[in-house]
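Beneath this line is the structure, given in structure tokens, with notes to follow.
The values are calculated or read from the model by the stated rules, or taken from the named source; none is laboratory data. Please read all numbers here as calculations on a predicted model, not as lab measurements. Reconstructed Cβ throughout: ideal geometry from the backbone, glycine too, with neighbour counts over all protein chains shown. The area values use the complete protein model at the heavy-atom level, side chains included, leaving out ligands, DNA and RNA. Shrake-Rupley method; radii C 1.70, N 1.55, O 1.52, S 1.80 Å.
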Amino acid sequence: MELSIFQVDAFAGTLFRGNPAAVIPLTEWLPDNLLQNIAMENNLSETAFFVPEEEGFHLRWFTPKTEVNLCGHATLATAHVLFNHLGFQGGELQFQSRSGLLTVSRESHLLFLDFPAACVEPVEIPEGVARALGQKPLGCWRGGEDLMVVFEEEKEIQKMAPDFARLGKLPYRGIIVTAPGVEADFVSRFFAPAVGVAEDPVTGSAHTALIPYWARRLGKEALVARQVSQRGGSLFCRLAGDRVQIGGTAVTYSIGTLFI
């Protein structure tokens, strides 16, 4: 069996920036263990698989270790592949997923993800978080499956060198660290060793919690975000009631064939 594979740098305007994802179109679902083995072999933070449905597509995402409920950058990468390589002619894509209906629309040069906003609630700073991150936060919020940890300044986020072994023992999908930005409204990084990703370069799903928090804190519904990982990426964010809209660009790195 031969499968097409696309590798795309998402939330990037040029190659070698943003977050790389693999995108694999399917005509029907393959066994879950095979999908997981393909993602493990790709060894990227996410591999996206999709199959066509009567209205839109069914989309799933796998890290090298497990299937996840939501992934922003691999959804952006999938939309980029459909619009630019597979001849999709409409202005909006619909994806059924573990997180319900997701849409991606074209607005000028940007692709905008429309995702459900996470419910963001303050929590006590869990024991061991400051030690694992190497710095004491201002506070913590629970957003969906993730813990969001807020700091005072961007430079604290940039210089952070966490203990990934300690982070991986915390009962969360991932740890978001965030602070006000210097050239953006806010900055963040995302650590997810519990699901096999030490640091994710640019994380759309984390912004389902970041956008509601910063929109309330800054009193504005349209924000510019920057994920300050080594590769880095920019996200153009909007809060729309109980939904968030996350805009970005993507660049194709490679197109190939898998022999399974």
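Determine which member of the set Gly91, Gly87, Gly143 is under 25 Å from Val228 (Cβ atoms) and either at pLDDT below 95 or in contact with a Leu (Cβ under 9 Å, 6 or more places away or on another chain) (or both). I'd like the intermediate steps shown before the answer.
Working: Gly91 fails: under 25 Å from Val228 (Cβ atoms); Gly87 fails: under 25 Å from Val228 (Cβ atoms).
Only one candidate passes the filter, namely Gly143.
Being within 20 Å of Ala194 (Cα to Cα), open to solvent by 30 Å² or more (accessible area, probe 1.4 Å) and touching a helix residue (DSSP H, G or I) at 6+ places or on another chain (Cβ under 7 Å), is that true of even one residue in the range 122-134?
Yes - at least one qualifying residue is present in the range 122-134.
Can you give me the number of residues within the range 179-204 that are closer than 13 Å to Ala118 by Cβ and either of a type in the set (D, E, K, R) or open to solvent by 10 Å² or more (accessible area, probe 1.4 Å) (or both)? Lay out the reasoning, then the answer.
Taking the range 179-204 and keeping what is closer than 13 Å to Ala118 by Cβ, we get 203-204.
From what's left, either of a type in the set (D, E, K, R) or open to solvent by 10 Å² or more (accessible area, probe 1.4 Å) (or both): none.
Looking only at that region, the number is 0.
Could you tell me whether the range 56-64 includes any residue that is at pLDDT below 95 and not in a helix (DSSP H, G or I)? Spell out how you get there, then give the answer.
Within the range 56-64, the subset at pLDDT below 95 is none.
Checking the range 56-64: not a single residue is at pLDDT below 95 and not in a helix (DSSP H, G or I).
Within the range 1-38, which residues are assigned to a strand (DSSP E or B) and open to solvent by 10 Å² or more (accessible area, probe 1.4 Å)?
Within the range 1-38, Glu2, Leu3, Ser4, Ile5, Phe6, Gln7, Pro20, Pro25 meet the criteria.
When both residues are 6+ apart or on different chains and their Cβ atoms are under 8 Å apart, which pairs have a first residue that lies in the range 144-170 and is farther than 28 Å from Pro116 by Cα and among the acidic types (Asp, Glu), and a second that is open to solvent by less than 80 Å² (accessible area, probe 1.4 Å) and part of a loop (DSSP other than H, G, I, E, B)?
Correct list of pairs: Glu156/Gln135; Asp163/Gly134.
Evaluate the following for Glu46: is it under 18 Å from Ser229 (Cβ atoms), in contact with a strand residue (DSSP E or B) (Cβ under 6 Å, 6 or more places away or on another chain) and among the acidic types (Asp, Glu)? Spell out the reasoning first.
Working: under 18 Å from Ser229 (Cβ atoms): yes; in contact with a strand residue (DSSP E or B) (Cβ under 6 Å, 6 or more places away or on another chain): yes; among the acidic types (Asp, Glu): yes.
It is true that Glu46 is under 18 Å from Ser229 (Cβ atoms), in contact with a strand residue (DSSP E or B) (Cβ under 6 Å, 6 or more places away or on another chain) and among the acidic types (Asp, Glu).
For residues that are within 23 Å of the chain's Cα centre (by Cα), open to solvent by 10 Å² or more (accessible area, probe 1.4 Å) and not aliphatic (A, V, I, L, M), tally how many sit in the range 76-87.
Within the range 76-87, residues that are within 23 Å of the chain's Cα centre (by Cα), open to solvent by 10 Å² or more (accessible area, probe 1.4 Å) and not aliphatic (A, V, I, L, M) number 4.
For the range 83-97, does any single residue satisfy the condition of being in contact with a helix residue (DSSP H, G or I) (Cβ under 6 Å, 6 or more places away or on another chain), closer than 25 Å to Ile5 by Cα and in contact (Cβ under 8 Å) with a residue 24 or more places away in the chain?
Keep residues of the range 83-97 that are in contact with a helix residue (DSSP H, G or I) (Cβ under 6 Å, 6 or more places away or on another chain), which gives 88, 93.
Applying the additional criterion that residues be closer than 25 Å to Ile5 by Cα yields 88, 93.
Next, from what is left, pick out any that are in contact (Cβ under 8 Å) with a residue 24 or more places away in the chain: 93.
Yes, the range 83-97 contains at least one residue that is in contact with a helix residue (DSSP H, G or I) (Cβ under 6 Å, 6 or more places away or on another chain), closer than 25 Å to Ile5 by Cα and in contact (Cβ under 8 Å) with a residue 24 or more places away in the chain.
Sort out which residues of the range 65-101 are within 22 Å of Pro201 (Cα to Cα) and aliphatic (A, V, I, L, M), and write them in order of number.
Once the filter is applied, which keeps residues that are within 22 Å of Pro201 (Cα to Cα) and aliphatic (A, V, I, L, M), the range 65-101 yields Val68, Leu70, Ala74, Leu76, Ala77, Ala79, Val81.
Select from the range 193-205 the residues that are under 11 Å from the mean Cα position of the chain (by Cα) and over 15 Å from Asp242 (Cα atoms) and list them in ascending order. First the steps, then the outcome.
We begin by selecting, within the range 193-205, every residue under 11 Å from the mean Cα position of the chain (by Cα); these are 200-205.
Listed by number, the residues that qualify are Asp200, Pro201, Val202, Thr203, Gly204.
Could you list, in sequence order, all residues of the range 179-226 that are touching a helix residue (DSSP H, G or I) at 6+ places or on another chain (Cβ under 9 Å) and on the phi > 0 side of the Ramachandran plot?
Gly196
Failed condition for Phe151, given (1) open to solvent by less than 60 Å² (accessible area, probe 1.4 Å); (2) within 28 Å of Ala48 (Cα to Cα), with all others met?
Unmet condition: (2).
Looking at Gly72, Gly144 in this structure, which one is within 22 Å of Ile211 (Cβ to Cβ), touching a helix residue (DSSP H, G or I) at 6+ places or on another chain (Cβ under 9 Å) and open to solvent by 40 Å² or more (accessible area, probe 1.4 Å)? Even if it seems obvious, please write down each step before you answer.
Numbers: Gly72 fails: open to solvent by 40 Å² or more (accessible area, probe 1.4 Å).
Checking each option against the conditions leaves just Gly144.
Any idea which of Phe112, Phe186 is touching a strand residue (DSSP E or B) at 6+ places or on another chain (Cβ under 8 Å) and free of Cβ contacts under 8 Å to residues at least 60 places away in the same chain? Explain how you work it out, then say what you get.
Details: Phe112 fails: free of Cβ contacts under 8 Å to residues at least 60 places away in the same chain.
Matching residue, one of Phe112, Phe186: Phe186.
Scan Ala179, Ala118 and give me the residue that is more than 17 Å from Pro201 (Cα to Cα) and small (Gly, Ala, Ser). Let's see the steps before the verdict.
Working: Ala179 fails: more than 17 Å from Pro201 (Cα to Cα).
Within the list Ala179, Ala118, the selection yields Ala118.
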